[in-house]
Amino acid sequence: MWFKFLSFFCLFSFTVKTTDAQTVSGPRGEQFTARVVAQGLSDPWEITYGPDNFLWVTEAKGYRVNRINPENGTITTLLDLSKEKNFPRYDKMPEEASGGKPWPQGGLMGLALHPQLLTGKPYVYLVYVYDFDGAAAEGDGCAPNYGGCVFTTKLVRYEYNARQQTLSKPLVLTDTIPGSDDHNAGRLLVAPVDGKDYLFYTVGDMGAGQFDNAGRENFAQRTDKYEGKVLRFNLEPDNDTSTYDKWIPGDNPFNAARQSAVWSYGHRNAQGLAYAVVGNTGNLYTAEHGPFGDDEINIIRKGKNYGHPLVIGYNDGNYNGLAAGVTAHSSLPGKWNTMYPYIETEEANVKAIGTENYQGPVHSFYPTSNTFLRSVLTRARQDEEEKPEWPALAPSSIAVYTASAIPGWQNSLLITSLTEGRLVRLKLNTTGSGLTGDTLTYFKAPARYRDIAISPDGRSIYLAIDSAEVSSGPSEEKEDDGDSQEQQSQCSGCIIAYTYQADANTMNQESLVQELRNRVQRMNRKKQRAVRAKLAPAQKAAFQLLLKPELTEKEKAQVQQYASGLLEVVKQVE
């Protein structure tokens, strides 16, 4: 994609320290303190709040798994996987040395903790790219005629030793997940189905149809391939005798020909994955990148087809006569020079998929008109010097806020953005099956927010920030190599904690009560009696509370009910 990314300058006005904090406001008057928990990580990808009250973080390019104290930022590296791959840090090598070979999108990506991590099943699940087909080849190592840069990904279970602070005893669940330098997705999550926990993993479509992968065949619609899917695995092996089949649930929807981890298909690049129970209904949510806008929020159902690359965003016809990608390479097939299929009409594609099988998004960000999209694709095909632009959220992760700590937030989707450094909040309806209300934006900054975690009490929101300034796919990057003081002060590779304090109205009420207490306690007894004489009985009770040295929360609330009227009388008597 072509976007204009902001230069990544200092997120806060102060020099970055874990002890510093500043206050930021939300669109509904919410007040948060913002604090840097950790910095200088090598592209933090996954951030999970563990049952041990520590943050578990993967570094996509550093290939490290860290456990971070959210209070003081102390980092303990549990595992270093940098030697468990057959390719070096191409992004740090000069092109004459690397031959122009690409780094995969992500690298070390998803992390999930077993629900009984601290009570007898100390399992930690990790996903990382470990093999590049072209590592030993001359040049860039990718297939000719834009046939793709082919990597392979594995899913591995480790055991956590709390005493030694290590991860060890790796056990491979699968080592054949396709990978690419684009659209690897890479989110891992434990979530229940019918009361039993399983491991879900999102795989992108490899970018097959765009950039260096424009000539690579797109398999998002093939249920016998893992590209463009949500996969489901067992948390523990079943009774199958095969080494890998025992990790695949027997009731997965596409097991007829052979055991398959595919749970749903027709996905482009689902980098967000979350589960929550809302209104007694459990839902699995994804946040997915669209090609030219039309970023999607989906609810994942067993065996359903989510349309990509045949239906983009809503089934609204805005991609009629177009495709999910475009290039200027006339050697590639179709009107738009891409392996993405030509979309005659989205409606016809839904009918071909089957209305009982097709599942559309519950929300699409920035759906644009067919006229606008046709202009974008035409200009891109012509390879104009000034690249076309379009609005997009670029959702990198998703969480469901179910706590009650922040007023008005309960049962909201929280989605991080790569394009404009923002957290988006969308309120769910009473069953969690759709959205209601406005789209609200928080914590806007010149940063690429990669992932989100929420503290158990719901008061703190942790956001991970990329080290790079632009896309981790095939777009050109400007890396923070750590050599300059300017780059080190930019909060590159940071974990930021936003902790809720109060909303503006509450703070105003608290300030009003404090002012009232100060005025009343400065009065002599004669003036205090004069105030009482002017008050109604209920106001007199609140007034008496103002004379106490300390107030309980219940007493503060009682005073707040009458604070404005009391203050008016107090001013009259003073």
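The values are calculated or read from the model by the stated rules, or taken from the named source; none is laboratory data. Worth saying up front: this structure is predicted, and the values here are computed from it rather than measured. A quick note on method: Cβ atoms are made from the backbone with ideal geometry, for glycine too, and the neighbour counts reach across all protein chains shown. For the accessible areas, the whole protein counts, side chains as well, though only heavy atoms, and no ligand, DNA or RNA atoms are used. Shrake-Rupley method; radii C 1.70, N 1.55, O 1.52, S 1.80 Å.
For the reader, a short list of remarks on this structure follows.
- Residue in the range 154-161 that is open to solvent by 40 Å² or more (accessible area, probe 1.4 Å) and at pLDDT 95 or above present: yes
- Candidate set from the range 324-352 (those that are among the hydrophobic types (A, V, I, L, M, F, W, C), out of contact with any Lys or Arg (no Cβ under 9 Å at 6 or more places or on another chain) and open to solvent by less than 30 Å² (accessible area, probe 1.4 Å)); member that is farthest from S264 (Cα to Cα): L332
- Being open to solvent by 40 Å² or more (accessible area, probe 1.4 Å), modelled with pLDDT under 95 and closer than 19 Å to T23 by Cβ is not true of K478.
- Residue within the range 206-226 that is under 19 Å from Y244 (Cβ atoms), assigned to a loop (DSSP other than H, G, I, E, B) and of a type in the set (D, E, K, R) present: yes
- Considering residues of the range 541-574 that are assigned to a helix (DSSP H, G or I) and of a type in the set (K, R) only, the residue nearest to S511 (Cα to Cα): K556
- Considering the range 295-323, and only residues there that are in contact (Cβ under 8 Å) with a residue 60 or more places away in the chain and touching a helix residue (DSSP H, G or I) at 6+ places or on another chain (Cβ under 9 Å), the residue that is surrounded by the most Cβ atoms within 10 Å (Cβ to Cβ) turns out to be L310.
- Taken over the range 419-428, the criterion of being at pLDDT 95 or above and either open to solvent by 10 Å² or more (accessible area, probe 1.4 Å) or under 19 Å from V277 (Cβ atoms) (or both) is satisfied by R422, R425, L426, K427, L428.
- Of the candidates K554, K527, the single residue that is modelled with pLDDT of 80 or more, open to solvent by 20 Å² or more (accessible area, probe 1.4 Å), over 30 Å from G26 (Cβ atoms) and not β-branched (V, I, T) is K527.
- Residue ID - most open to solvent (accessible area, probe 1.4 Å), chosen from residues in the range 429-452 that are under 24 Å from E46 (Cα atoms) and in a strand (DSSP E or B): T441
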